[in-house]
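This report refers to the structure that appears directly beneath it.
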Amino acid sequence: MLKTLSLSWAFNSMAWRGLLYTVFILHFVLVCQLLLLQPLVSALDGKPGNAAELFESVSQNIKVKRYSEALNDLNAAIETDPALSEAYFHRASILRQLCRYEESEKSYKKFLELKPGNSIGEKELSQLRQAQSALETAFSLFDSRDHTKGLEYLDKVVLVFSPACSKAKILKAKLLLAAKYYSSVISETGFILKEDENNLEALLLRGQAYYYLADHDVAQRHYQKGLRLDPEHSELKKAYFGLKNLLKKTKSAEDNVNKGKLRLAVEDYKGALALDPDHLAYNVHLHLGLCKVLVKLGRGKDASISCSEALNIDGELLEALVQRGEAKLLTEDWEGAVDDLKSAAQKSPQDMNIREALMRAEKALKMSKRKDWYKILGVSKTSSVAEIKRAYKKLALQWHPDKNVDNREEAEAQFREIAAAYEVLGDDEKRAKYDRGEDIEDMGMGGGGFNPFGGGFGFNF
């Protein structure tokens, strides 16, 4: 019996202690709530000093861009006192800055219900509607590719009234990228990533800007970071694997050049260029690489086109100018070759290789302006002396003025050409000089040493 009473007392003692502990915890929680909500409660009690503290706290949160905390405080204040007009005003202002326009408009309207005719509230509501309309217009301009005007709407309206609008900032970066202002894209996305380092759109856009500046290593790092956060992000995957494919194609082209497999290198270069025609900062080097290979293959016309593509991107690319000059030599565009190589020599006067190429081009141009004695006699440059003599005899008989009475003037001119050609090509020494492009006196070009009609038109072999 005594034992039973002892157990009963013990259980009752524990129950009382538990009850006292529960009461203490509830009291502690209540005190904490009163302390935390004291500014709000005080505001409801008509103490403007504590309400001012609340709004000062909200203002400080906005300054450090803690918009969620500021909104939470204001929402709690409104829940406590639905008639607290200033809380609606501050909430509307924050939501406008974040371009959450529909929510913001509701808060402005509630504020104006509590404060009818308030000029500041009406003004900010008007600004909200301007910003909302401007943002919609900017998106439309982006779709229609009017990038400059789209940027104007964002900079002059949207980001003035909604400076914390993340979708406006992303849209601005997209417009800058489309307008090819790559350095500006890097700057704008840098600000976004400073606030949110895991913003996938900003990582993609920043990576694309570095890509189009041909800084592929940095671009790749941005793509990889984004894919670590979201491995299935379609645009990041497309950008990342597109870059890898481009670098793979380029390496294959360069390897084939080193192995002497020039035709395969041509196909690789063309394949790399087809991947992204807009990647100008990188394609300029692909066009140059292709041009150099085509020059080695003797395909002057195609090489000239490739080098011209490179120069259209970068008019100061010296090597492209030199290679185009070499390509024009292959197509016998002597004047074009001289022009390109002369320009290159002016840009790099100490380069002996360029000077040597220019001398070759000038010599070829000079030779091209002389009469082609081989062509006049109808023989090749490899013809023997006997073949040249036979050709001369045949043509001399054909065009002898005595045999062309009806067209004597033309025949005389042709006969002079034929005789002058034979004077040079029929003499081994003169022929050798002619083939080397050296000047030869009295070559039938107006000199006084050779006269096919000297003693009359008699003609004997």
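The values are calculated or read from the model by the stated rules, or taken from the named source; none is laboratory data. Bear in mind that the values here come from a model prediction, so they are computed numbers and not experimental data. Calculation scope for accessible area: heavy atoms of the full protein, side chains included, ligands and nucleic acids excluded. Shrake-Rupley method; radii C 1.70, N 1.55, O 1.52, S 1.80 Å.
Please work out the average accessible area per residue across region 279-369, using the 1.4 Å probe convention, and give it in Å².
Values: 4690 Å² over 91 residues.
Accessible surface, normalised per residue, equals 52 Å².
Solvent exposure of region 62-157 amounts to 56 Å² per residue of accessible area, where only protein heavy atoms count and the probe is 1.4 Å.
Multiplying the residue separation of residue 406 and residue 313 by 0.36 nm and removing their Cα-Cα distance gives an extension gain of 27.5 nm. Sorted from longest to shortest, the spans of the Cα atoms of region 373-436 along the three principal axes equal 39, 18, 15 Å.
Kindly flag which residue pairs out of 259/342; 225/261; 65/244; 194/237; 259/366 have an alpha-carbon separation exceeding 30 Å in this structure.
On the way: 259/342 32 Å; 225/261 38 Å; 65/244 38 Å; 194/237 23 Å; 259/366 37 Å.
Cα-Cα > 30 Å for 259/342; 225/261; 65/244; 259/366; rest within.
Over region 373-436, with every protein chain in place, what whole percent of the accessible area is carbon and sulfur at 1.4 Å, could you tell me?
Details: 1800 of 3730 Å².
Ligands and nucleic acids excluded, carbon and sulfur reach 48 percent.
Of the accessible area of region 317-365, with the probe set at 1.4 angstrom, what percent is carbon plus sulfur? Carbon and sulfur atoms account for 47 percent of the accessible area of region 317-365. Ignoring ligands, DNA and RNA, what percent of the 1.4 Å accessible area of region 164-254 is carbon and sulfur? Carbon with sulfur: 48 percent of the solvent-accessible area.
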